[in-house]
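The values are calculated or read from the model by the stated rules, or taken from the named source; none is laboratory data. Worth saying up front: this structure is predicted, and the values here are computed from it rather than measured. Glycine gets a Cβ as well: all are built from the backbone with ideal geometry, and neighbour counts include every protein chain shown. Accessible surface areas use protein heavy atoms only, side chains included; no ligands, DNA or RNA. Shrake-Rupley method; radii C 1.70, N 1.55, O 1.52, S 1.80 Å.
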Amino acid sequence: MNQITPIKSSPPPPPFLVALNLTRRCNLACTHCYLDAGNRSDGTSDELTTVEVIRLIEAIAGLSRETMVVLTGGEPLMRSDLDEIARHANRLGLMVVVGTNGMMLTPARVAWLVDAGVSGVGISLDSLESERHDAFRGRNGAWRKTMDGIAACRDAGLAFQIQFSVIDD
């Protein structure tokens, strides 16, 4: 009789990056949104509570303290507990980044993120032309607010990167 030798495998490596979609709430109405966030302002019943998100972050930190955690959404700045979540992840040694459309990045908000230990932000900007960006994002004035958010990050020394969607226009 042939014996089957079990295959020995090592556990998978810990994640390098984890993107947490904290909310479906958003202040834009992008037709291309993969979360179908729309203009929800109150969240949904399946949104994780602060305690649930903190437990999830603790589980991630248990795998590796070298994981980058991207707090995103929807628009994560619409969560009133974002600073608490970011601060907790930072205390656990995780690198914390926020993915945002940039419209809510006022100088005060940026200072708040820096104080919570956020290392940087990824800001969505889809055109150098305000009209095109606003049309793509579904809200007039979005480009101007996003540009103001970029300026607030630059002025505060908070690292940022620009994220954009490539489309055939």
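Return the residue satisfying two criteria in turn: it lies in the range 36-57 and is modelled with pLDDT of 65 or more and farther than 14 Å from residue 76 by Cα, and of such residues it is most open to solvent (accessible area, probe 1.4 Å). Break it down stepwise before answering.
Taking the range 36-57 and keeping what is modelled with pLDDT of 65 or more, we get 44-57.
Checking the rest, the ones that are also farther than 14 Å from residue 76 by Cα come to 45-46, 51-52, 54-57.
On the way: 45: 129, 46: 105, 51: 82, 52: 80, 54: 27, 55: 154, 56: 67, 57: 1 Å².
Among residues in the range 36-57 that are modelled with pLDDT of 65 or more and farther than 14 Å from residue 76 by Cα, the one most open to solvent (accessible area, probe 1.4 Å) is 55.
Give the residues of the range 79-93 that are surrounded by fewer than 23 Cβ atoms within 10 Å (Cβ to Cβ) and either touching a Cys at 6+ places or on another chain (Cβ under 9 Å) or under 17 Å from residue 159 (Cβ atoms) (or both), sorted by residue number. Before the answer, list the steps.
Of the residues in the range 79-93, the ones surrounded by fewer than 23 Cβ atoms within 10 Å (Cβ to Cβ) are 79-81, 83-84, 87-88, 90-93.
If the condition is that a residue be surrounded by fewer than 23 Cβ atoms within 10 Å (Cβ to Cβ) and either touching a Cys at 6+ places or on another chain (Cβ under 9 Å) or under 17 Å from residue 159 (Cβ atoms) (or both), then 90 is the only one that fits.
Restricting attention to the range 149-166, which residues are closer than 19 Å to residue 134 by Cβ, surrounded by 10 or more Cβ atoms within 10 Å (Cβ to Cβ) and free of Cβ contacts under 8 Å to residues at least 60 places away in the same chain? Show your work before the answer.
Going through the range 149-166, the residues closer than 19 Å to residue 134 by Cβ turn out to be 149-151, 162-166.
Checking the rest, the ones that are also surrounded by 10 or more Cβ atoms within 10 Å (Cβ to Cβ) come to 149-151, 162-165.
Once the filter is applied, which keeps residues that are closer than 19 Å to residue 134 by Cβ, surrounded by 10 or more Cβ atoms within 10 Å (Cβ to Cβ) and free of Cβ contacts under 8 Å to residues at least 60 places away in the same chain, the range 149-166 yields 149, 150, 151, 162, 164.
Just checking, does the range 69-78 include any residue being free of Cβ contacts under 8 Å to residues at least 24 places away in the same chain and either over 24 Å from residue 159 (Cβ atoms) or not in a helix (DSSP H, G or I) (or both)? Write out each step before concluding.
From the range 69-78, those free of Cβ contacts under 8 Å to residues at least 24 places away in the same chain are none; that's our starting set.
No, the range 69-78 contains no residue that is free of Cβ contacts under 8 Å to residues at least 24 places away in the same chain and either over 24 Å from residue 159 (Cβ atoms) or not in a helix (DSSP H, G or I) (or both).
Assess whether residue 71 counts as being within 25 Å of residue 46 (Cβ to Cβ), modelled with pLDDT of 95 or more, touching a Lys or Arg at 6+ places or on another chain (Cβ under 9 Å) and of a type outside the set (Phe, Trp, Tyr).
Numbers: within 25 Å of residue 46 (Cβ to Cβ): yes; modelled with pLDDT of 95 or more: yes; touching a Lys or Arg at 6+ places or on another chain (Cβ under 9 Å): yes; of a type outside the set (Phe, Trp, Tyr): yes.
Yes: the conditions hold for residue 71.
So which residues in the range 119-137 are of a type in the set (Gly, Ala, Ser) and either under 23 Å from residue 17 (Cα atoms) or surrounded by fewer than 17 Cβ atoms within 10 Å (Cβ to Cβ) (or both)? Steps first, answer last, please.
Quick first cut of the range 119-137, residues of a type in the set (Gly, Ala, Ser) only: 119-120, 122, 124, 127, 130, 135.
The answer is 119, 120, 122, 124, 130, 135.
Could you grab me the full set of residues in the range 58-72 that are open to solvent by less than 10 Å² (accessible area, probe 1.4 Å) and within 20 Å of residue 122 (Cβ to Cβ)? Show your work before the answer.
Initially, the range 58-72 is screened for residues open to solvent by less than 10 Å² (accessible area, probe 1.4 Å), giving 61, 67, 69, 71.
Residues satisfying the conditions are 67, 69, 71.
Looking at (1) surrounded by fewer than 21 Cβ atoms within 10 Å (Cβ to Cβ); (2) under 27 Å from residue 65 (Cα atoms), which is the only condition residue 96 fails?
(1)
Quick check on residue 114: is it under 21 Å from residue 150 (Cβ atoms) and open to solvent by less than 20 Å² (accessible area, probe 1.4 Å)?
Working: under 21 Å from residue 150 (Cβ atoms): yes; open to solvent by less than 20 Å² (accessible area, probe 1.4 Å): no.
No.
Being assigned to a loop (DSSP other than H, G, I, E, B), over 20 Å from residue 93 (Cα atoms) and hydrophobic (A, V, I, L, M, F, W, C) is the filter here, so list the residues in the range 109-139 that pass it. Step through it out loud before you land on a result.
Looking only at the range 109-139, we keep the residues that are assigned to a loop (DSSP other than H, G, I, E, B), and these are 116-117, 125-129, 138-139.
Checking the rest, the ones that are also over 20 Å from residue 93 (Cα atoms) come to 125-129, 138-139.
The answer is 125, 128.
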